[in-house]
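Down below is the structure, laid out as structure tokens.
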Amino acid sequence: MTTGTTTEATADALMTEVPGIDTSRMPEPLALVIFGASGDLATRKLLPALARHAENGALPRGFAVVGVARSGIGDEGFRDLCAKVEGAEDNAAWQQVIRKFRYVAGDYSDPATFERLAAVLAEVDVEPGAAGNRVYYLATVPDLFGTVARGLAAYKANEPGPGGSFARLVVEKPFGADLDSSRALDDELHECFAEDQIFRIDHYMGKETVQNVLALRFANAIFEPIWNRRYVDHVQVTVAESIGVEHRGNFYERAGALRDIVQNHVMQVLALTLMEPPASLNGNSIRDEKVKLLRSVVVHEAEQEIDRVVRAQYVAGEVGGVAVPGYREEDGVDPASLTETYLAMQLAVDNWRWAGVPVFVRTGKRLRQRETQVAMVFQRPPHLPFAGQLTRDLLPDALTLRIQPDEGITLCFGAKVPGPSFTIRTVAMDFSYSDAFPGGTAEAYERLLLDAMTGDPMLFIRTDEVEQAWQIVAPIQRAFTEGEPPLARYRAGSWGPAEADRLIEASGRMWRNP
Ligand code: BG6
């Protein structure tokens, strides 16, 4: 690896104000090597995010992407592909920067692929001047993660170069399919890369509104005193999607809602919402607190999970007025599939702050509408000095963090209905992100790519977090393989199965549908 000075390149770059992006953190010159460069993730998310960075002047002079994939499209073919991604049109800076992009065709299990890559990287170090710095992005199917890492190690491409140049590995979820396979994957990666070189992406951590959970909790003094078992009755986390499995039937058959959403996105959101205040916003302080919280989630035996979990699959219905097929009719799906497209569960967090406060989680595909939110539902007042019928429509107070699509925060509380009687009804006070910050926010991958390039680990998932999240879902996975609980059905376009309503109603509570 060659080394190089970065100051000229840094000073040269033209920075502009980018909403949601700290443009003072310009990455050093580097080569971003994308494995799976012609695939879905690269073309729909990564390259468009880079195109926006180019437009905003957030890429250093000595920057190049080296695409690696099987198809023999060559440098020109890859540049053509880059020239057509979302946000590329009328983006002069991007059209300029992609002229330096390179492409390596090959099979990941063939050492010759890595030999060619090493040769191209040596060229890229000279022009445009990547200075020996590397970020390797594994945008391939997960089965190839270990193969690619070993291929890189064989050329010592995993080792930071002399003079301080860096080599980082970015890995996308899923991190394994269960506790054992995730440990095996980590062992494979750790043979080639040290933990502080590995950047595991959960794209929920790149969402502005997920990060805003930290701001709400730790930049304000008014919420902290009530953020505990003395005031919170229960917590609800909803990750509802209106889309089905789209063209990913094959993948989804092996994933299901538990692996696809709960083990990662839900656990991350939950950890940020319920963890203790971190000492600082540095990468390990926050991750230490998240792990501590995840370790407090009660893990039961598989048999005990059955009453706390509902799994279900959608049948044909209507979403937004459009008729849609059932899951078993989707492409790539077994007509007798038992994969869950919906999951609801009740969790407990056994620590000083949350003991006795149930946490209800639900997620599903083909639900009535897209809605990701966390609701902190507060206890009822100890005594209501109003006649019963006057408070019939009064719901418990709740603070809802709306993560998407209508990003913001809602506080629901009781107010007097105007008129001669003392009727009380629930009203809502709203904070809307788009009203307060009309400039818009950066897309999750923009933020995460920039952080990986600058080497800021805060929003990436550490190995112990991954492991703990698998520990939590392991008994549920075991119950599923034993056929328990039975798979329920729900109509596409509904809010899920009646069994999920019964799960929460058994505790005297109800789901808060938008
Ligand atoms: C991905 C899942 O991790 O997250 C998909 O694999 C899901 O199945 C997606 O649709 C949801 O992401 P978002 O950002 O649309 O909430």
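A few notes on this one:
- Residue match in the stretch 149-158 (condition: assigned to a helix (DSSP H, G or I) and closer than 26 Å to Lys290 by Cα): no
- Test: Phe431 is under 23 Å from Met510 (Cβ atoms) and among the hydrophobic types (A, V, I, L, M, F, W, C): no
- Which listed residue, of Asp90, Asp125, Asp143, Asp110, is acidic (Asp, Glu) and crowded, with 22+ Cβ neighbours inside 10 Å: Asp125
- Any helices (runs of 4 or more DSSP H) falling wholly within the stretch 418-481 and containing at least 2 residues that are touching a helix residue (DSSP H, G or I) at 6+ places or on another chain (Cβ under 7 Å) and within 16 Å of the ligand (Cβ to nearest atom): 444-454, 463-481
- Residues (assigned to a strand (DSSP E or B) and open to solvent by 10 Å² or more (accessible area, probe 1.4 Å)) located in the stretch 93-107: Arg102, Tyr103, Ala105
- Residue, farthest from the ligand (Cβ to nearest atom), within the stretch 224-282, restricted to residues that are of a type in the set (Ser, Thr, Tyr) and under 24 Å from Val309 (Cβ atoms): Thr273
- Scope the stretch 38-76; condition more than 26 Å from the chain's Cα centre (by Cα), over 18 Å from Thr140 (Cβ atoms) and open to solvent by 20 Å² or more (accessible area, probe 1.4 Å); matching residues: Arg61, Gly74, Asp75, Glu76
- Matching residues in the stretch 475-506 - criterion: being small (Gly, Ala, Ser) and at pLDDT 95 or above: Ala488, Ala492, Gly493, Ser494, Gly496, Ala498, Ala500, Ala506
- The stretch 288-310, subset open to solvent by 20 Å² or more (accessible area, probe 1.4 Å) and under 25 Å from the mean Cα position of the chain (by Cα), residue modelled with the lowest pLDDT: Val299
- Enumeration of residues in the stretch 177-210 that are open to solvent by less than 20 Å² (accessible area, probe 1.4 Å), within 16 Å of the ligand (Cβ to nearest atom) and not polar (S, T, N, Q): Arg200, Ile201, Asp202, Tyr204, Met205, Gly206, Val210
- For the stretch 384-403, a residue qualifies if it is in a loop (DSSP other than H, G, I, E, B), at pLDDT 90 or above and either of a type outside the set (A, V, I, L, M, F, W, C) or over 18 Å from Ile424 (Cα atoms) (or both), and the qualifying residues are Pro396, Asp397.
- Tabulated pairs, the stretch 194-208, first more than 23 Å from Thr441 (Cα to Cα), second among the basic types (Lys, Arg) and assigned to a loop (DSSP other than H, G, I, E, B), C-beta under 8 angstrom, 6+ apart or interchain: Glu195/Arg462
- Members of the stretch 345-389 that are buried (at least 22 other Cβ atoms within 10 Å of the Cβ) and within 16 Å of the ligand (Cβ to nearest atom): Val361, Arg362, Thr363, Gly364, Lys365, Arg366, Leu367, Thr372, Gln373, Val374
- Residue in the stretch 226-238 that is modelled with pLDDT under 95, surrounded by fewer than 17 Cβ atoms within 10 Å (Cβ to Cβ) and either under 24 Å from Ala474 (Cα atoms) or touching a strand residue (DSSP E or B) at 6+ places or on another chain (Cβ under 8 Å) (or both) present: no
- Given (1) outside any helix (DSSP H, G or I); (2) touching a Gly at 6+ places or on another chain (Cβ under 9 Å); (3) crowded, with 17+ Cβ neighbours inside 10 Å, number of the condition Arg512 does not satisfy: (2)
- Condition check for Val213: farther than 21 Å from Glu28 by Cα, touching a Leu at 6+ places or on another chain (Cβ under 6 Å) and either within 15 Å of the ligand (Cβ to nearest atom) or not assigned by TED's automatic domain parsing to the domain that holds Leu144 (or both): yes
- If the condition is being crowded, with 18+ Cβ neighbours inside 10 Å and not aromatic (Phe, Trp, Tyr), then the stretch 318-327 contributes Val319, Val324, Gly326.
- Residue count for the stretch 122-144, restricted to those that are under 19 Å from Phe175 (Cα atoms) and touching an Asp or Glu at 6+ places or on another chain (Cβ under 7 Å): 2
The values are calculated or read from the model by the stated rules, or taken from the named source; none is laboratory data. From a predicted model like this one, the values you see are computed outputs, not experimental measurements. Methodologically, a virtual Cβ is constructed for each residue, glycine included, from the backbone with ideal geometry; neighbour enumeration extends over all protein chains shown. Please note that ligands, DNA and RNA were not included when accessible areas were found on the heavy atoms of the full protein model with its side chains. Shrake-Rupley method; radii C 1.70, N 1.55, O 1.52, S 1.80 Å.
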